[in-house]
Amino acid sequence: MNKRTLLSLCAALLLCAASPAWLLADGHGKNRDRRSECGTLPRNAAYDESCGGCHFAYQPWLLPSGSWKAVLAGLDDHFGNPVVLPDDRRAELAAYLEANAADRFPSRRAEKIMRGLGSATPARITDVPYILHKHHELDDAVLKRPSVGGLANCPACHTTAAQGVYDDDNVIIPR
């Protein structure tokens, strides 16, 4: 391999390695690297089964660890319903939620959530100022539609909510 080919190959490799940074430069468009928006979250079967069996299994980075601790401590009255979990399952969920909460998870969106909270520990994801701000233009009538069911029903409009992608490119507001 000659010097020119070697230099071209090195330049191409450097460009590929640096590409996520320049894809994110403007923060808009379908070509950006979404992992830096929401991070790559490890799945947890116990969480998906225990929580996702009754409602959308929210990504832990949507709330700080203090909020998740309060949620787990209040399972006797979990938003109007009692939830009974064996101690080992509760401990597994606590470890998963704490490790991946907004104050510990490395993503831009988690950082924005934390920046808007200050020292608050909201009990609900729908009380997070960042999330309220992102939805402030929605009319209450839209949220009251049976097809939407309220701000807590993320997958009603965010078609990629299950993957933790909440960008505008994947929003379809049902009628």
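The values are calculated or read from the model by the stated rules, or taken from the named source; none is laboratory data. None of these values were measured; they are calculated from a predicted model. Cβ coordinates were reconstructed from backbone atoms using ideal geometry, including for glycine residues, and neighbour counts include every protein chain displayed. Accessible surface areas use protein heavy atoms only, side chains included; no ligands, DNA or RNA. Shrake-Rupley method; radii C 1.70, N 1.55, O 1.52, S 1.80 Å.
Some notes on this structure:
- A viscosity of 1.567 mPa s and a temperature of 4 °C, combined with the Kirkwood radius over Cα pairs in Stokes-Einstein, give a translational diffusion coefficient for segment 53-102 of 116 µm²/s.
- Segment 60-155 - Debye-derived log10 I(q)/I(0), Cα point model, q = 0.17, 0.23 Å⁻¹: -0.84, -1.19
- Across segment 41-175, the mean sequence separation of Cα contacts (distance under 8 Å, 6 or more residues apart), normalised by length, yields a relative contact order of 21 percent.
- Normalised per residue, the accessible area of segment 63-175 is 58 Å², obtained with a 1.4 Å probe and no contribution from ligands, DNA or RNA.
- Sequence-separation-based contact order of segment 70-142, relative, with Cα cut under 8 Å and 6+ spacing, percent: 18 percent
- When a 1.4 Å probe is rolled over the protein heavy atoms, the share of accessible surface on segment 83-153 that falls to carbon and sulfur comes to 52 percent.
- Packing-based ranking, highest mean first, of 54-66, 104-116, 84-96, 159-171 given that Cβ atoms within 10 Å are counted: 54-66, 104-116, 159-171, 84-96
- Gyration tensor (alpha-carbon) shape descriptor, segment 99-165, a/c threshold 1.5: prolate
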